[in-house]
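Student: Structure provided below as structure tokens; questions to follow.
The values are calculated or read from the model by the stated rules, or taken from the named source; none is laboratory data. Just so we're clear, the structure is a prediction, and the values are computed from it rather than from any experiment. Cβ sites come from the backbone with ideal geometry, for glycine too, and all protein chains shown count toward neighbours. We work out accessible area using only protein heavy atoms, side chains counted, and drop any ligands, DNA or RNA first. Shrake-Rupley method; radii C 1.70, N 1.55, O 1.52, S 1.80 Å.
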Amino acid sequence: MFGFQFNDCNEFGLSFTFDHCLLNNSVFYKTSIKKTVFRHSKLIEVDFSECDLSNASFGYCDLSGAIFDKTNLEKADFRMAVNYSIEPAQNRLKKAKFSLSEVHGLLSHLGVEIDKNS
């Protein structure tokens with residue numbers, strides 16, 4: 001489903017589980033998809049701007065170039081996700097879960113250098 005416009009879907013009863021999916025360049029702009037499960041999926045350059053992804057799970061997902069801007073990520077689980085870049089000041093992250101090995105995805109916006117090999 002490359003480039004699918006999920007923001008055009010009727011949100012009444014909207015619910016998804018994505019397992020082993022290729023969703024590259026898809027758009028979820030302003031979509032409320034609480035508790036959505038993304039598992040073993042490629043979400044490259046996906047637009048999650050202004051989404052409600054509270055309680056979502058991103059297990060074993062590649063989030064290279066994904067856009068999180070004014071996104072509700074409260075209680076979301078990124079512990080097994082890779083290549084995300086999330087600016088904490090621009091998103092709601094209360095009680096979100098991250099792995100120590102990928103925490104650089106939260107700090108990259110600060111312009112600091114993080115040695116991933118230490």
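Student: Cβ under 11 Å from Ile33's Cβ, Ile33 left aside: what net charge do those residues give with Lys, Arg +1 and Asp, Glu -1?
Tutor: In short, +1.
Student: Taking the chain as a Gaussian network, Cα atoms linked when under 10 Å apart, which of Glu11, Glu45, Glu87 shows the biggest mean-square fluctuation?
Tutor: Comparing Glu11, Glu45, Glu87 in a Gaussian network model of the chain, the most mobile one is Glu11.
Student: GNM, the chain, Cα, under 10 Å: largest mean-square fluctuation among Phe28, Phe16, Phe48?
Tutor: Highest fluctuation among the options: Phe16.
Student: Moving on. Just to be sure I understand: with springs between alpha-carbon atoms less than 10 Å apart, which residue in Lys70, Lys34, Lys95 has the highest mean-square fluctuation in the Gaussian network model of the chain?
Tutor: Lys95
Student: Give me P(r) over the stretch 1-51, computed from all C-alpha to C-alpha distances, binned every 10 Å, as integer percentages.
Tutor: 27, 63, 11
Student: With +1 on each Lys and Arg Cβ and -1 on each Asp and Glu Cβ, and nothing else charged, work out how big the dipole of the stretch 12-118 is about its Cα centre, in Debye to the nearest 20.
Tutor: Taking the Cα centre of the stretch 12-118 as origin, the dipole is about 460 debye.
Student: Step through the residues of the stretch 106-111 one at a time and calculate ³J(HN,Hα) from phi using the Karplus curve (6.51 cos²θ - 1.76 cosθ + 1.60, θ = phi - 60°), rounding each to whole Hz and writing x for Gly and Pro.
Tutor: 3J(HN,Hα) across the stretch 106-111, in whole Hz: 9, 9, 4, 6, 7, x.
Student: Take the solvent-accessible surface of the protein heavy atoms, probe 1.4 Å, and return the percent of it on the stretch 4-118 that carbon and sulfur atoms account for.
Tutor: C and S atoms contribute 49 percent here.
Student: While we're on this one: In Å, what is the Rg of the alpha-carbon atoms in the stretch 13-118, and how long is Dmax?
Tutor: Using the Cα atoms of the stretch 13-118, the pair Rg, Dmax is 12.8, 46 Å.
Student: Once a ≥ b ≥ c are taken as the square roots of the eigenvalues of the Cα gyration tensor of the stretch 15-77, is the result rounded (a/c under 1.5), prolate (a/b larger than b/c) or oblate (a/b not larger than b/c)?
Tutor: oblate
Student: Can you work out ³J(HN,Hα) from phi for every residue in the stretch 84-91, in order, using Karplus 6.51 cos²θ - 1.76 cosθ + 1.60 and θ = phi - 60°, giving whole Hz and x for Gly and Pro?
Tutor: Per residue, the Karplus-derived 3J(HN,Hα) values read 8, 9, 10, 8, x, 6, 9, 9 Hz.
Student: While we're looking at this one, here's another question. Tally Lys/Arg at +1 and Asp/Glu at -1 over every other residue whose Cβ is under 12 Å from the Cβ of Leu63; what's the total?
Tutor: Result for the neighbourhood of Leu63: -3.
Student: A further question on this structure: Taking only protein heavy atoms into account and a 1.4 Å probe, give the accessible area per residue of the chain in Å².
Tutor: Dividing the accessible area of the chain by its residue count gives 58 Å².
Student: How much net charge surrounds His109 when only the other residues with a Cβ under 12 Å from the Cβ of His109 are counted, with Lys and Arg +1 and Asp and Glu -1?
Tutor: Neighbourhood net charge equals -2.
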